[in-house]
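The values are calculated or read from the model by the stated rules, or taken from the named source; none is laboratory data. Remember, it's a predicted structure, so these values are computed and weren't measured experimentally. Methodologically, a virtual Cβ is constructed for each residue, glycine included, from the backbone with ideal geometry; neighbour enumeration extends over all protein chains shown.
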Amino acid sequence: MKDHRPEAFQILRAIDGKRSFSVDKLFALMNQIQVTGSISGAAANLSVSYRYAWGLIQDAEKALGAELVIKQVGGAEGGGTTITEKGKRLLYQYDHLKQEIDDQLNGLLTSIEDKYVDSHDERPLRIGDHILLMASTIGPVEAGLVDALEQAYYRETGTLVRHIAAGSGRALDIARQGRVDLVLVHAPEQEQLFMEEGWGIERHYLMSNSFLLVGPKSDPARLCNIRSEAGVTGLFQQIALTQKPFVSRGDRSGTHLREMKVWKLAGIQPAEPWHMKTPTVMGNVGALQLAVEKEAYTLTDAATYWQMPCQDSMTVFSGETSDDVLLMNHYFLIIVNPERFAHVNVQDARRFAEWLTKGAGRALIAGFGNDNSPKSFF
């Protein structure tokens, strides 16, 4: 079984839309600067010239609009270079993202037979079996739906689908780098931009559920006093007015983008300390767990809320029965454009999309849930 994609996951940053620099090389250089205390030492350890290393830093500082290093000239020890606090924070965030994505990519094509062949399906994986790679928003993965769909589709067709779990913004970025054949996301504005830029060729509606505004049953912001006609924007305004804790994904995920849209429509610019951004917390499950711990409000999705054992301490304030369009959560499947990346498996991607929207996958989605949920998750 041959993987037709590059070995390493690479991140590039565009400069004024004209050229780009390697984020991987930049942060490798910054790591070495921390070790050696100089640009020349870091360049030597990476086998690049000083001119290249210094040019890379200058390009990065221009593109990011932030100072990343401080050069100290002269002195008793002959000067040196240190990383700024901003640079250290970026380096930490990069390491976290890179590790997350690398771990998932490294596991894509391992232990496949154990995952897809059970006691009821003794069919071995064959060389030449069809393979699809999909970047999926985290919610359906955490709910278990993506695994269920992948296994059912393999049993029925022999086509193996594997996924990378990432927030919608990251999932679309992964697709822009040619790492996957298709994406499952719920960020309408970003999806539209993705299509307009020519990264996708087909966008298929797949399923829906609701975003939910949830919070502690003690209701410290007294949302229960807000009239229903005020809608979710009125509830957000009340949270801001009382400055009660609110947990935000802060990671460009579909949930985070929707949260920020509601704040904007509510006329609120959320701020610390009551608005707590948690980009290092994985998915809506992690954000909801933190909200329970902090007795905070948060925006989540129905599948996450009903799969979590949190109903004893948390309750839904908006979204469960509301027809507020701001809380409608639509998921779309997008096939990556093969004109951008020749290795995209368009034929199998189209068959998978057909199976999900018109075949057995549709019925599986419609009935997916658990005993705690008042209805199916999607």
- Item | Any hit, region 264-281, residues being β-branched (V, I, T), at pLDDT below 95, touching a helix residue (DSSP H, G or I) at 6+ places or on another chain (Cβ under 9 Å) and crowded, with 19+ Cβ neighbours inside 10 Å | yes
- Message: Just to be sure before I move on: is K294 surrounded by fewer than 20 Cβ atoms within 10 Å (Cβ to Cβ) and in contact (Cβ under 8 Å) with a residue 24 or more places away in the chain in the structure I sent?
- Response: yes
- Message: Tell me whether region 298-306 contains one or more residues that are closer than 30 Å to W199 by Cα, at pLDDT below 90 and either in a strand (DSSP E or B) or under 24 Å from the mean Cα position of the chain (by Cα) (or both).
- Response: no
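The rows are residues; the columns are (1) of a type in the set (D, E); (2) under 30 Å from V346 (Cα atoms).
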| residue | (1), (2) |
| --- | --- |
| E189 | yes, yes |
| F194 | no, yes |
| G198 | no, yes |
| L213 | no, no |
| I226 | no, no |
| K244 | no, no |
| E259 | yes, no |
| W263 | no, no |
| A266 | no, no |
- From D371, D348, which residue is among the acidic types (D, E), within 23 Å of I174 (Cβ to Cβ), out of contact with any Phe, Trp or Tyr (no Cβ under 7 Å at 6 or more places or on another chain) and not assigned by TED's automatic domain parsing to the domain that holds M260? D348
- Message: Could you tell me how many of the residues in region 307-336 are touching a helix residue (DSSP H, G or I) at 6+ places or on another chain (Cβ under 9 Å) and part of a loop (DSSP other than H, G, I, E, B)?
- Response: 8
- Pick from R362, R350: which is free of Cβ contacts under 8 Å to residues at least 60 places away in the same chain and outside any loop (DSSP other than H, G, I, E, B)? R362
- Message: When the residues of region 180-228 are narrowed to those that are at pLDDT 95 or above and among the basic types (K, R), which ends up farthest from F352 (Cα to Cα)?
- Response: R222
- Message: Every residue in region 183-211 that is without any contact (Cβ under 8 Å) to a residue 40 or more places away in the chain, in a helix (DSSP H, G or I) and not polar (S, T, N, Q), please.
- Response: L193, E196
- Task: For region 267-283, indicate whether the set of residues that are within 30 Å of G369 (Cβ to Cβ), in contact (Cβ under 8 Å) with a residue 60 or more places away in the chain and not in a loop (DSSP other than H, G, I, E, B) is non-empty.
- Result: yes
- Flagged in region 229-244 as in contact (Cβ under 8 Å) with a residue 40 or more places away in the chain and either assigned to a helix (DSSP H, G or I) or surrounded by fewer than 15 Cβ atoms within 10 Å (Cβ to Cβ) (or both), in numbering order, are G231, V232, T233, L235, I239
- Message: For region 250-263, give me the residue count where each residue is surrounded by 21 or more Cβ atoms within 10 Å (Cβ to Cβ) and assigned to a loop (DSSP other than H, G, I, E, B).
- Response: 2
- Task: Determine if region 241-257 includes at least one residue that is modelled with pLDDT under 95, closer than 18 Å to P140 by Cα, of a type in the set (G, A, S) and not assigned by TED's automatic domain parsing to the domain that holds E339.
- Result: yes
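Closer than 30 Å to E272 by Cβ, in a loop (DSSP other than H, G, I, E, B) and not hydrophobic (A, V, I, L, M, F, W, C), is that true of D173?
Considered against the rule, which asks whether it is closer than 30 Å to E272 by Cβ, in a loop (DSSP other than H, G, I, E, B) and not hydrophobic (A, V, I, L, M, F, W, C), D173 comes out as no.
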- Options V247, V180, V214; residue that is buried (at least 24 other Cβ atoms within 10 Å of the Cβ) and either part of a loop (DSSP other than H, G, I, E, B) or without any contact (Cβ under 8 Å) to a residue 12 or more places away in the chain (or both): V180
- Residue by residue through region 153-170, note down the ones that are in contact (Cβ under 8 Å) with a residue 40 or more places away in the chain and assigned to a loop (DSSP other than H, G, I, E, B). T159, A166, G167
- All but one of (1) at pLDDT 95 or above; (2) within 22 Å of the chain's Cα centre (by Cα) hold for W355, so report the exception by its number. (2)
